[in-house]
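Below is one structure, written out as structure tokens; the observations come after it.
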Amino acid sequence: MNWTSFDTWIVVVGALCAVACALPGCFLVLRKMSMMGDAISHAVLPGLAIAFLITGSRASIPMFLGAAIAGVLTALFTQWIARFGNVDRGAAMGIVFTTLFAIGLILIRQAADHVDLDPGCVLYGAIELTPLDTVGQTGIPLAALVNGGVLVANLLIILLLFKEFRMGAFDPALADTLGFSSQFLHYLLMTMVAITTVAAFESVGSIIVIAMLIVPPATALLLTRKLSWMLIIASATAVLSALLGHVAALTVPTWFGFESTTTSGMIAFAAGVLFTLAWLFSPTEGIAVKYWRSREEITLESSDKYPAE
Amino acid sequence: MSSLEDIVEVLLLQNYNTRLVVISTSLLGVASGLVGAFLLLRKRSLMGDALSHATLPGVAIAFAVMVAWGGTGKALPGLLLGATLSGIAGILTMLVIRNTTRLRDDVAMGFVLSVFFGVGIASLQMVQNLPGASAAGLESFIYGKTASMVKSDFLIIASVAAISSLVSIVLVKEFLLLCFDDAYAAAQGWPTLFLDIALLGLVTAVTVIGLQSVGLILVIAFLITPPTAARFWTHRLQPMLVLSAVIGGVSGWLGASISALTPQLPAGAVIVLVAASLFLISMLFAPTRGLFPRFLRQGHLRRKVDRQHFLRAAYELLEEQAGEKEVRNVSFPEATLRDRRTWTPHRFKRILKIARQEDHLEETPAGRLRLSEPGFGEAARVTRNHRLWETYLIEYADIAPSHVDRDADMVEHILGAELVRELERRLDETKISVPVPPSPHPIAGKPEATP
């Protein structure tokens, strides 16, 4: 393996993006809306396509706006269909995002001459190329700044509204009675997820987003029962996944005789491995730990029954 | 634009190439409509989402294995077998996470979806660099490639779709029991675990063949949209299943036909949009649970309640004016009536307008109102029903006379003729021999009743 400053930047960008996702992801997981990240990340496609067709360029700001609007609309449509149509929330989500994705595919096909708007590039991103696009002479990749900015924004919102978010996640009815609209918190969370997703798109691709919204929070949930610790552990898991994922992308394929592979896919995989470790060895929840403990209890019990004379 | 003959030719399957595509897509629609209906009832619609993403590593690995054995790596049966195996691995992971941790369904699904998809993307990237084999086209599993289909592909897809439909029809009773009350099913001795696995197996089969024709993201729509649309049309199960299969089949048939006529449109996307349009129509207009019919019914009921409140208020006013004598239909000032209930001026105006349309009011000078003959009769009837119901509540339901007005208010509007006769039969003859019995409690709004 040949580690360069490029690789360091890739890990930094990946880690910034991963933590930016993991923070709102904790609340998605607690509110039973884990699949929303997947839905939003597919549903932003028509927003990107429309922004592209209107402006005729891949300028960042219109694309960003288009995608963010499409993301919020996904949450809104899902809510409407679920409430007014009395439809199961998961089904409503599935209908909305597949329909928007289909519209996006058709719009992109209309602009087929422009190769850069390939749906594949939207879904996988190219985290490997981020160090090439730097800001001025500083040598800092643009993607690091964008994802860092989103991370700071998410962190600030969560710190400022920590009490409200906690109440909204565990007892929306109580939040409503105390005067913090749980509806408002819901849409704020959805906007955060949409903006985070979109910011990550251009730089690192959506697969990291989907994985980081769910897997680190789920890992943290296996290790703690306190919300503040959950946020911290999820962030740590996210950083670790970015690092391990990039190392794995460089090394694992060589074991099978291939060259390196996509870092985004491997970051998702690394997060999966970390989750599996927590699942097996978590002090409170781990299945291996529980198994050993139950065996110990059996031996203790049997020694109690026949006390030594 | 295509001519009319082209359209007819495609829709009636006269062209050999489009015939394969259209038939297989329609069959896929029928099968996924049936299987998806069970998923919807089990509140697991997004299972298809997780499952379809989980098939991707299998596609890449199967490709690599087939290349290693010296093939081109793109034989459809091999790729579908790989997809099935990794789909099953995904489902098992989901079930194990759900049963051994306190994480919920949605987290388990999201975990499998993202991790498997990540591995899939990574391994696709790896196998694309395999020497001596072109993996170009494997991505079509993500977006679908309906238009290019050879006869052997068609046979696989059509037969898997047909078998899945058949199995779901044969097991329909067991699956419905599982969807509605799995605990009861287990207590009755049904093999619920086996049934659950059979259902997920069917979902896997449908998803995997859907990969080929509509792609792994849009096959999710095939599993979710038709059953959700069908649910708006009926409260009963068998009709819902049939309708779901029909909607799925029609989406496949129309979508594939449209995209055959306009080759620049991606087939999978067109199919999804046809299904989404059918869903939208169902959600808005389906008579049983659609939005507009429901709003119309609610508006109708609201008008009925308003009318009955207005008539009873008017009758009680007349009763008060008559004192001990027989109630007669005379004119009274508009303001007096308005003050009897908490009507806003705007609402009161609308109620009067409706009453005039229904001929319950006569033409009178401004500021005064007078009920028409039919209006007076209706008012007496409404008041009578209200008091019958109040008396019944006091006698049989032990409700205090001071509270009975409000309780009766909520139910009286839906008293049918039969229920009124039943009330008459039950209540003491003397209380109802008169056309309109006196109110069993002091009437609020009467000056002397609220000291």
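Exactly one residue among A:LEU23, A:LEU30 is within 14 Å of another protein chain (Cβ to nearest Cβ) and either out of contact with any Gly (no Cβ under 8 Å at 6 or more places or on another chain) or within 30 Å of B:THR225 (Cα to Cα) (or both), and that residue is A:LEU30.
Evaluated against (1) surrounded by 23 or more Cβ atoms within 10 Å (Cβ to Cβ); (2) within 14 Å of another protein chain (Cβ to nearest Cβ), A:LEU48 falls short on exactly one condition, (2).
Among B:SER159, B:SER134, B:SER148, which is the only one that is away from every other protein chain (no Cβ under 14 Å), more than 30 Å from A:ALA270 (Cα to Cα) and either at pLDDT below 80 or buried (at least 17 other Cβ atoms within 10 Å of the Cβ) (or both)?
Values: B:SER159 fails: either at pLDDT below 80 or buried (at least 17 other Cβ atoms within 10 Å of the Cβ) (or both); B:SER134 fails: more than 30 Å from A:ALA270 (Cα to Cα).
Going through B:SER159, B:SER134, B:SER148 in turn, just one is away from every other protein chain (no Cβ under 14 Å), more than 30 Å from A:ALA270 (Cα to Cα) and either at pLDDT below 80 or buried (at least 17 other Cβ atoms within 10 Å of the Cβ) (or both): B:SER148.
Within segment B:181-191, the residues that satisfy the criterion of being modelled with pLDDT of 85 or more and not in a loop (DSSP other than H, G, I, E, B) are B:ALA183, B:TYR184, B:ALA185, B:ALA186, B:ALA187. Being of a type in the set (Gly, Ala, Ser), over 22 Å from B:SER45 (Cβ atoms) and within 18 Å of the chain's Cα centre (by Cα) is the requirement here; does A:ALA67 meet it? Taking the combined requirement at face value, the residue satisfies it.
Could you pull out the residue among B:VAL21, B:VAL65 that is part of a helix (DSSP H, G or I) and either in contact with a strand residue (DSSP E or B) (Cβ under 9 Å, 6 or more places away or on another chain) or without any contact (Cβ under 8 Å) to a residue 60 or more places away in the chain (or both)? Can you show your working first?
Working: B:VAL21 fails: either in contact with a strand residue (DSSP E or B) (Cβ under 9 Å, 6 or more places away or on another chain) or without any contact (Cβ under 8 Å) to a residue 60 or more places away in the chain (or both).
Selected residue: B:VAL65, the only one of B:VAL21, B:VAL65 that is part of a helix (DSSP H, G or I) and either in contact with a strand residue (DSSP E or B) (Cβ under 9 Å, 6 or more places away or on another chain) or without any contact (Cβ under 8 Å) to a residue 60 or more places away in the chain (or both).
Sub-9 Å Cβ pairs linking a first residue in segment B:396-417 that is without any contact (Cβ under 8 Å) to a residue 60 or more places away in the chain to a second residue that is of a type in the set (Phe, Trp, Tyr), at least 6 apart or interchain, are B:VAL404/B:TRP389; B:ASP407/B:TRP389; B:ALA408/B:TRP389; B:ALA408/B:TYR392; B:VAL411/B:TRP389; B:LEU415/B:TRP389, ordered by first then second residue. Is it the case, given these coordinates, that B:GLY110 is within 8 Å of chain A (Cβ to nearest Cβ), out of contact with any His (no Cβ under 8 Å at 6 or more places or on another chain) and not in a loop (DSSP other than H, G, I, E, B)? Answer is yes for this residue.
Of the residues making up segment B:355-383, those that are in contact (Cβ under 8 Å) with a residue 24 or more places away in the chain and closer than 11 Å to B:LEU311 by Cβ are B:ALA355, B:GLU358, B:HIS360, B:LEU371, B:GLY375, B:PHE376, B:GLU378, B:ALA379, B:ALA380, B:VAL382, B:THR383. Residue count for segment B:318-353, restricted to those that are more than 12 Å from B:PHE376 (Cα to Cα), surrounded by 15 or more Cβ atoms within 10 Å (Cβ to Cβ) and either under 42 Å from the mean Cα position of the chain (by Cα) or among the hydrophobic types (A, V, I, L, M, F, W, C) (or both): 9.
Say we look at segment B:257-287 and pick out the residues that are away from chain A (no Cβ under 14 Å) and assigned to a helix (DSSP H, G or I); which of these is surrounded by the fewest Cβ atoms within 10 Å (Cβ to Cβ)? Even if it seems obvious, please write down each step before you answer.
As a first pass, look at segment B:257-287 and keep what is away from chain A (no Cβ under 14 Å): B:257, B:260-261, B:287.
In the following step, the residues that additionally are assigned to a helix (DSSP H, G or I) were identified as B:257, B:260-261.
Working: B:SER257: 25, B:ALA260: 25, B:LEU261: 18.
Among them, the one singled out is B:LEU261.
Identify the residue in segment A:238-286 that is within 12 Å of chain B (Cβ to nearest Cβ) and loosely packed, with under 14 Cβ neighbours inside 10 Å and, among all such residues, is farthest from the chain's Cα centre (by Cα). Ranking the candidates gives A:GLY257 first.
The values are calculated or read from the model by the stated rules, or taken from the named source; none is laboratory data. Values in this document were obtained by computation on a predicted structure and should not be read as measured data. Note: ideal-geometry Cβ built from the backbone for every residue, glycine included; neighbour counts use all protein chains shown.
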